[in-house]
Structures are given as C-alpha cells and as structure tokens.
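Before any comments, here is the structure.
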Amino acid sequence: MRRSVSFPFVIASFMTFFFVTEIAIGATITIRVEVPDSTPSGDLIYIAGDFQSWNPGDPAYALTEQTDGSWEITLSLPDAIPIQYKFTRGSWQTVEKGSTGEEIPNRVHTPQGTETINHVVANWADIQPSTITGHVESFVFAPFLGGRRCWVYLPPDYFESSDSYPVLYMHDGQNLFDEATSFAGEWQVDEACESLIGNREIEPIIVVGVENSSSRCDEYTPWADNAFGCGGGGDGYLQAIRDILIPEVNLRYRTQSGHAKTYMAGSSLGGLISVYAGYEYDDVWGRIAGVSPSYWWSGQQILSHAVTASKPDELSRFYQDMGTAESGIANLRAMRDIAIGQGFVEGNDLLSVEAQNHMHNEFYWAIRMPDILRYLIDPPLPCLGDWDCDGDVDLNDFEYFADCANGPGIAPNPLLPGVTQANCIEAFDFDGGSDVDLADFVEFAERLVP
C-alpha cells in the first residue's frame, strides 16, 4: 500500500532541515591576548562579552596560558554577528584599562569562519601604572593613627644639598601624587612642584600627604552631622598630626620647623579641616588652603564658628577656592566676607578664588594646584652675585652682570624666568647704592678673584 505524504508535512520537514542547517553554520574564533608584566602570577585571564551575559569570571570563558606567556581561548560563535567583549582577571574590579589607565570602550569583532585574532592588554584597573614625577616615597609610623601611611614629596635638590625646607601637610595622601593609588584621579602635586621649583617660581618644599581611611568622615570634620551619622573627630586628627607626625617628619627629613614654615591644604572635607586648622591651630600651621571646602557640613557650622573667632594671630596666608559649577559658592563668599571683617586683606593675606565652570573633583583641583602653590609658597631668594645660581661667582656670571649694568634692556636669563630689572639690581648691587655701577664691578671682580 502506497502511503501519501501531506504537503504541510513536507514544508515542516524542509523548514526543520533549513533551520538546523543554519544553526550548525558558525564561526570558530581563536582569541589570543598578551597581558602586561604587572599581571599577578597565578591569576587567570577571562573574556567577558555580550555572548555570555557579561560574566567577568565565568570558568567556561577562562583563557589558557601559552608557553610564550600569552593567553588563548577558542570560541564557537554565530557567523557574521558582531560581538562585544573585554578581558578581566575574574571581576570588574580587575577589568582591562588603557595605556594611561583610562577607561576603554568594549572591543568589537565580527566573527567570520575560522580565524585567529590577537589583542594586547595595556593595564588592569587594580594595577595602574605609576604617574609619579620626581621623588615621592612613603613611610608608616606605628604611633601615628595606628600606622597610617604617609606619602612624601622631596624637592629636586634634596639629595644634592644640605638645605632645610618648608613642609606642606595635605590630606587624602593617596590622591596627591599617583594615578595608580588615587580614588578618582590625582592632584598632580608632584608635577606642579617639579615645574614651579624648576622655574624658580616657588622655593623648594617638602609635601607630606596623609592617607585617608574609613575614618575620613570623622577625622576631617570638627563637628558631627546627624544627617550623615558621623563627624566630630577633627581635633583628635589634627592633634595627632601636630604631636606625633610632625616631630617624626622633622626627624626623618631636613625641615624648617615652626608655624611660619609649616602649611596645610586639603579639598572638600579636607578643605574644611584645613580651614578649621587655620583658625584653631595657627600656632602649628601658618598658611592654609581650603580647596572646594565643604563649608556646608553640619549646617555651615564653620561659618558660625569663624564669626565668633578673632583673626588668627599666626595665620599669615589664607587661601580658599571653589568652582562656579559647584554648589555652595554662597558659603565661600560668606567665609570671605567673615575673614575680611576680621581684618584679612584680600589679595594680601587672603585669596578667595571662584574658578569659572570648575566642578568638584580631582581633575579641576589639579588644574588649580599651581596657583595654590604660588600663593602658599614663597619664591626663592635671589642668587646674590651668583646670577646663574650654580653655587659660585665666576665668569659665567659676568654676562649677566654686564646686562644688568646696561639697564632696562637686560636680556632674560633662561635659568631665572620672570627676572626683572629690580631683581637684577638686587642681585648685583653689592654696595647698596640702588644701581649697578663701577663700584659694584670692583666688588664683583674681588669676589671673582679673591
């Protein structure tokens, strides 16, 4: 007996065959990746993408290490359908980053048949490249806040001289010098110091950055704020710096001690505690900078506190700033008015800056850092007679002496940018006659040939 086959059955069978065939057709893609030398030994490399629900540590998508140190995985994927992916070490905290530690877009590839593609991971999110400029070191002193780490910037000539230096104490120490240790970007304090010292815009200085901790809210605030459920430990924090850290820094490094050469700066809550220190501990810190200070804390209590206080006797320079794109600019203006009412003179011992369109973050604080340092730190003393500042008076200085004697047409000295005729006269007016003349030349010659 002959069986009949219905037309719908034929169509269904054909469609089943068609779709099975389509599903079976795919791409075989081998992905090979080179990883940076900083990759911890023993860590696995994973691929995470839209083809596996972006799971950063799925064991099925772990790569295999090769004999040449690269890592490899082979995937079967639909052909001609683009995929997006990134490499990790098992979590999004260890995802790959760009060459300077920046965020990078998802990698995109369209599989085509059988192929091999090669990638290079530049950095990992948790192992950023160091961005330190100049000499920055750190130490832990057990008696200070339970062994809190402190970062120390030393000026360029520190190891070649016997000089002593002023010290600037700063908060949030891990954010000051190095992108690799920062939370959301560094202040570039080291870059600013290296440039300004090298250009003789500020005298050489030591910067000590105290790391923050989980106690930041308490340590950086003089009063509690019920809205945040913390605060009020500021005095204890400042006293620990005064009584424990400063003596230790003075022992470890060549410092100029005393409030006239000891300064403090910080941002946000760090700016709040710095301004508080200027009012309450001016016998310790003679110059302070409140950068985007959180004057709003605890109902603007810093403002009412300042109103009841008199002008701090030993506070010789008070800097504050804020970006106009930040909230709280009215508080900055209120503090400026309070300080002026106490006898501060704006442009002299008070500088209040409103930075146009700046926001509340490290990127903008880094932009303002050079001007902050220019205000806080004195310029270097002129090199009397030693115009090229090489440590002695010699024939190389004669050219500068002659230019000075010629009057306002003095050629600029590349070693001393911004030199004026007044500076020139100060440097070579050996006899105190308020000019540079033959009498000074005789004195110059005697110094040149004793």
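A few comments on the model shown:
- Just so you know, in segment 77-124 the residues that are at pLDDT 95 or above and of a type in the set (Ser, Thr, Tyr) include one that is nearest to the chain's Cα centre (by Cα), and it is 88.
- The residues in segment 44-60 that are more than 18 Å from residue 115 (Cβ to Cβ) and aromatic (Phe, Trp, Tyr) can be counted, and the count is 2.
- Matching residues, segment 345-370, being charged (D, E, K, R), touching a Leu at 6+ places or on another chain (Cβ under 9 Å) and either on the phi > 0 side of the Ramachandran plot or not in a loop (DSSP other than H, G, I, E, B) (or both): 354
- Segment 173-189: number of residues that are in a helix (DSSP H, G or I) and touching an Asp or Glu at 6+ places or on another chain (Cβ under 8 Å): 3
- Qualifying residue in segment 192-210 (condition: outside any strand (DSSP E or B), of a type in the set (Asp, Glu), closer than 21 Å to residue 375 by Cβ and under 18 Å from the mean Cα position of the chain (by Cα)): yes
- Which listed residue is among the hydrophobic types (A, V, I, L, M, F, W, C) and buried (at least 18 other Cβ atoms within 10 Å of the Cβ), from 121, 108, 140: 121
- Where strands (runs of 3 or more DSSP E) sit wholly within segment 74-135, none has at least 3 residues that are hydrophobic (A, V, I, L, M, F, W, C).
- Residue that is farthest from residue 260 (Cα to Cα), among those in segment 371-380 that are buried (at least 17 other Cβ atoms within 10 Å of the Cβ) and under 17 Å from the mean Cα position of the chain (by Cα): 372
- Note on segment 359-398: among residues that are among the hydrophobic types (A, V, I, L, M, F, W, C) and at pLDDT below 90, the one that is nearest to residue 201 (Cα to Cα) is 381.
- Of all residues in segment 317-344, those satisfying the criterion of being assigned to a loop (DSSP other than H, G, I, E, B) and either within 26 Å of the chain's Cα centre (by Cα) or more than 17 Å from residue 289 (Cβ to Cβ) (or both) are 324, 325, 326, 327, 328, 343.
- Test for residue 169: is it of a type in the set (Ser, Thr, Tyr) and part of a helix (DSSP H, G or I): no
- Subset of segment 176-214 [small (Gly, Ala, Ser) and in contact (Cβ under 8 Å) with a residue 24 or more places away in the chain]: 180, 182, 184, 185, 192, 195, 198, 209, 213
Each row is one residue, and each column tells you yes or no for (1) surrounded by fewer than 20 Cβ atoms within 10 Å (Cβ to Cβ); (2) at pLDDT below 95; (3) not assigned by TED's automatic domain parsing to the domain that holds residue 318.
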| residue | (1), (2), (3) |
| --- | --- |
| 214 | yes, yes, no |
| 223 | yes, no, no |
| 232 | yes, no, no |
| 235 | yes, no, no |
| 240 | yes, no, no |
| 245 | yes, no, no |
| 250 | yes, no, no |
| 257 | yes, yes, no |
| 267 | no, no, no |
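- Cross-chain or 6+ apart pairs with Cβ under 7 Å, segment 35-48 first and over 25 Å from residue 77 (Cβ atoms) and assigned by TED's automatic domain parsing to the domain that holds residue 91, then among the β-branched types (Val, Ile, Thr) and at pLDDT 95 or above: 36/121
- In segment 95-104, the residues that are within 21 Å of residue 71 (Cβ to Cβ) and either out of contact with any strand residue (DSSP E or B) (no Cβ under 8 Å at 6 or more places or on another chain) or surrounded by fewer than 16 Cβ atoms within 10 Å (Cβ to Cβ) (or both): 98, 99, 104
The values are calculated or read from the model by the stated rules, or taken from the named source; none is laboratory data. These figures come from a predicted structure and were not determined experimentally. Because the Cβ atoms are built from the backbone with ideal geometry, glycine has one as well, and the counts that use them run over all protein chains shown.
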